[in-house]
Amino acid sequence: MTTQTTPSTDSKRDEASNVVLVDGSNVAYALEGAPPQVSNLIVVRNKLLEEGLEPIIVADAALRHQIDDAGRYERMIDDGFVRQAPAGTDADYFILSFARELNASVLSNDRFRDRMKAFPDVLERVIRYMIVQDEVVLERRTQRRHDH
């Protein structure tokens, strides 16, 4: 079954959203050679808020067992700062699905190669980032790579 969108249902999606779905596991593991860190999630969230964006952090359920400060991480889940994908499922699927649904960006350094077939528009949505000494630098694509 194929679905087609009509201009009337698509007009809401054409509007740019200020929502950014954050690949929580990717961000937690951002510092090479270090265990996943709660502080990475906090500095990225704060940076996005400073930029006037609305971060929604989504992480794999397994992250709670690997993160450096489990108590603080659990409080972030309880407070709604972090949303967990259901156990046994891949958070990437939820991140990319919600990004499409909300016309939102995705903050991640993941290439999502295993999801390109289902989500061919993913590269247009991705914001890459770097964390250096608790400072976050964002890289937004101003145009598609394959445009000339």
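The values are calculated or read from the model by the stated rules, or taken from the named source; none is laboratory data. What you see is a predicted model, and the numbers here were worked out from it, not measured in a lab. Every residue, glycine as well, gets a Cβ built from its backbone with ideal geometry; the counts of neighbours run over all protein chains shown.
Structural remarks
- D121 vs. criteria touching a residue at least 12 places away in the same chain (Cβ under 8 Å) and exposed (fewer than 14 other Cβ atoms within 10 Å of the Cβ): yes
- The set of residues from segment 97-112 being within 16 Å of V27 (Cα to Cα) and either among the acidic types (D, E) or touching a residue at least 40 places away in the same chain (Cβ under 8 Å) (or both) comprises S105, V106, L107, S108, N109, D110.
Residue by residue, here is whether (1) among the aliphatic types (A, V, I, L, M); (2) on the phi > 0 side of the Ramachandran plot; (3) touching a Pro at 6+ places or on another chain (Cβ under 9 Å) holds:
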| site | (1), (2), (3) |
| --- | --- |
| Q66 | no, no, yes |
| A70 | yes, no, no |
| I77 | yes, no, no |
| G80 | no, yes, no |
| A85 | yes, no, no |
| T89 | no, no, no |
| D92 | no, no, no |
| S105 | no, no, no |
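To keep it simple, each residue is scored yes or no on (1) among the charged types (D, E, K, R); (2) modelled with pLDDT under 95.
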site	(1), (2)
N46	no, no
E51	yes, no
E54	yes, no
G71	no, no
D78	yes, no
A87	no, yes
D121	yes, yes
M130	no, no
Q143	no, yes
